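The next block holds one structure in the form of structure tokens; read it before the comments.
Taken together, the values in this text are just the output of simple stated rules run on the coordinates, not laboratory data. Owing to the predicted nature of the structure, the values given are computational and were not obtained by experimental measurement. Every residue, glycine among them, receives a Cβ derived from its backbone with ideal geometry; neighbour counts consider all protein chains shown.
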Amino acid sequence: MKGRITVPVGIERISFYTPRYMLPLRELATARGADYDKYRIGIGQEIMAVAPPDEDVVTMAASAAIPMQEDFQAVELVLFATESSIDQSKSAGLFVHGLLGLPQRCRVVELKQACYSATLALRIALQTVAANPKAKVLVLASDIARYELGSPAEPTQGAGAIAMLVSATPRLVTFDPAAGIHAEDAMDFWRPNYREEAVVEGKTSTRLYLHALQKTWEHFHEQTGCLLADFDYCCFHTPFTNMAAKAYQILQKIQPPETPKPDENSFAQRVEPSLQYNRITGNTYSASLYECLACLLDQAPNDLTDRRISFFSYGSGCTAEFFSGTILPGYKQHLCTDQHREVLEERTPLTVRQYEDVFNLAVPHDGWDYTFGQYRTGPFRFAGVSGHKRIYARNE
Ligand code: CAA
């Protein structure tokens, strides 16, 4: 097939984690005097994940990686993608390295470019493994999406982490070398160092996302000759599920005029199966595109073997990439579907008051010792701070 070569490197395992608390958006709509249909239909979200005070990007990423523990001793590189950084100097990946007991003969680094950085991490991982097939790379993407209370962006908040083990023995997905890329200096969404919440120009951000999609598609198409019809499924960076619907519409619109018209159900068939997790977690920023991939692998009604997937990664500011991959035979035996079901189904709903109380808690900055109250988390928790150090603990 056009633009496709078989490279024996790719994703061996993928696992998703989201906090144990959530807020049904019906409750938020009532509290904000909004029509719930605006959230449910207009934005396409039903529930948002809420991280308790003792959960952060480190604990979420470490929890996501647990299903890969048999391979930890082969990990030579940890790439931690986030835009919810907890330290200006030390990589969040090193806290995870410690919590998981990863080997000392290892490189560890944190990457930042809004929601895009996990895609660069994946690309670096693929190249590292291609150069050294004995190495395994742990790609982590973990974020907490925070906007101001009562703002239009509030119902698109969320939290979660993805862990991907990239190796020369891929079991799930391999990737094609071609990629359409785009970058431009823009201010659609950003978070100055002194703020806990992102600043966003909502309408500008959706326009720029679609513009970057068009640019990356054109570049990808120039290199590969591929058309949308060459893909069985499309995964998009998904800040809210209706953004993926808008993205798919644009891709259809910019196909050459002679392209056969896709059937009316094509969104339902090609995109919807990847959106079910996002609809009930909210935006997970850097993890979002790969949360969609995990969801597609778990939830697609048909066997995905040899199915070809397109991927669109977008990071505000802005950088974007359009690329493609293929699902491998036997992939179903290597999924974490049961863990994903458990983490999504066993969540504790919060009231709006409880969510706001959690939202307004800030990590103390004065350097004294603080022990945080214990909430429900995964295997790890952010237990407190002491002398400006973050203290993590493993739950018994
Ligand atoms: N019933 C059904 N639909 C309704 C409705 C109702 N009662 N009321 C409104 N709607 C529809 C609107 O028609 C609109 O649909 P379209 O977009 O298809 O026109 C939709 O609901 C949203 O309504 P508004 O445009 O009025 O919403 P808003 O301006 O209040 O907020 C938003 C929308 C700008 C996306 C805001 O949620 C936001 O700022 N979100 C954060 C930014 C974001 O996610 N941007 C995405 C691109 S940037 C990116 O991808 C990076 C990232 O992760 C942040």
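Only lysines eight or more places from LYS389 in sequence, or on another chain, were considered; those with a Cα closer than 20 Å are LYS90. Summing Lys and Arg as +1 and Asp and Glu as -1 over all other residues whose Cβ lies under 10 Å from the Cβ of ARG146 gives a net charge of -3.
Distance from the Cα centroid of segment 222-288 to that of segment 156-209 is 16 Å (rounded to whole angstrom).
Bridging of LYS332 to aspartates and glutamates at a Cα separation below 13 Å is possible for GLU12, ASP298, ASP303, ASP306, once same-chain residues fewer than 8 apart are set aside. Shown for SER386, SER151, SER288: other C-beta atoms within 10 Å of each C-beta, ranked fewest to most, produce the order SER386, SER151, SER288.
Taking 17 Å as the straight-line reach from the Cα of LYS203, the lysines in range (excluding those fewer than 8 positions away in the same chain) are LYS38, LYS246. Since only PRO329, GLN88, PHE236 are under comparison, the one whose Cα sits farthest along the positive direction of the charge dipole of the chain, derived from C-beta charges on Lys, Arg, Asp and Glu, is PRO329. Distance between the pseudo-spin-label points of ALA31 and ALA229 (7 Å out from Cα toward the beta carbon): 4.9 nm. Full extension of the segment from ASN132 to GLU342, taken as 0.36 nm per residue of separation minus the current Cα-Cα distance, would add 72.0 nm. For ARG107 and ARG376, FRET efficiency with R0 = 30 Å and r from the beta-carbon atoms, rounded to 0.05? So the FRET efficiency works out to roughly 0.35. Looking at segment 158-214, the trypsin sites (Lys or Arg not before Pro) that sit in a DSSP loop and have at most 14 other Cβ atoms within 10 Å of their own Cβ are ARG195.
First measure r as the distance between the Cβ atoms of LYS261 and HIS365, then evaluate 1/(1 + (r/R0)^6) with R0 = 35 Å and state the FRET efficiency to the nearest 0.05.
Step by step, r from the Cβ atoms, then E = 0.05.
Separation of segment 312-373 from segment 51-105 is 13 Å, based on Cα centroids.
Secondary structure note: in the chain, about 75% of the DSSP beta bridges are antiparallel. Dividing the mean sequence gap of close Cα pairs (under 8 Å, 6+ apart) by how many residues segment 10-394 holds gives a relative contact order of 26 percent.
Of the residues PHE80, PHE236, PHE189, the one that moves most in a GNM of the chain with alpha-carbon contacts below 10 Å is PHE189. Computed from the C-beta positions of GLU218 and GLU196 and an R0 of 41 Å, the FRET efficiency is 0.65 to the nearest 0.05. Rounded to the nearest 500, the helix-only mean residue ellipticity at 222 nm of the chain stands at -9000 deg cm²/dmol, with each DSSP H run of n ≥ 4 adding -39,500 (n - 2.57). Other residues with beta-carbon under 15 Å from the beta-carbon of VAL57 carry, at +1 per Lys or Arg and -1 per Asp or Glu, a net charge of -3. Full extension of the chain between ILE181 and SER386 gives 69.5 nm of extra length, using 0.36 nm per residue less the Cα-Cα distance.
The Cβ shell under 15 Å around CYS318 holds other residues with a net charge of -1, Lys and Arg each +1, Asp and Glu each -1.
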